[in-house]
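Beneath this line is the structure, given in structure tokens, with notes to follow.
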């Protein structure tokens, strides 16, 4: 019991369970989708390539936010 309390907000793998990573992912994903949808000069079609790139951007932003919070 005392070991569980000592972990605090850390999960079983030592990762923080704060919502900052999820918020960072959603922000990056939505930002990339909006970029592909509304940036002048690009075709205004959201296809699977744009969705996959948006997921990649979301993962990078999530990683960056988790790194920033963990400093």
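The values are calculated or read from the model by the stated rules, or taken from the named source; none is laboratory data. Predicted model, so just to flag it, every value in this text is computed and none were measured. FYI the Cβ positions are ideal-geometry reconstructions off the backbone, even for glycines, and counts take in every protein chain you see.
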Quick check: anything in the range 2-15 assigned to a helix (DSSP H, G or I), surrounded by 10 or more Cβ atoms within 10 Å (Cβ to Cβ) and either touching a strand residue (DSSP E or B) at 6+ places or on another chain (Cβ under 8 Å) or at pLDDT 90 or above (or both)? no
Per-region count, the range 16-38, residues modelled with pLDDT under 85 and more than 16 Å from residue 57 (Cα to Cα): 4
Only residues that are more than 22 Å from residue 22 (Cα to Cα) and either touching a helix residue (DSSP H, G or I) at 6+ places or on another chain (Cβ under 8 Å) or surrounded by 14 or more Cβ atoms within 10 Å (Cβ to Cβ) (or both): list them for the range 38-55, please. 42, 44, 46
Can you tell me which of (1) in a loop (DSSP other than H, G, I, E, B); (2) at pLDDT 70 or above is the one residue 50 doesn't meet? (1)
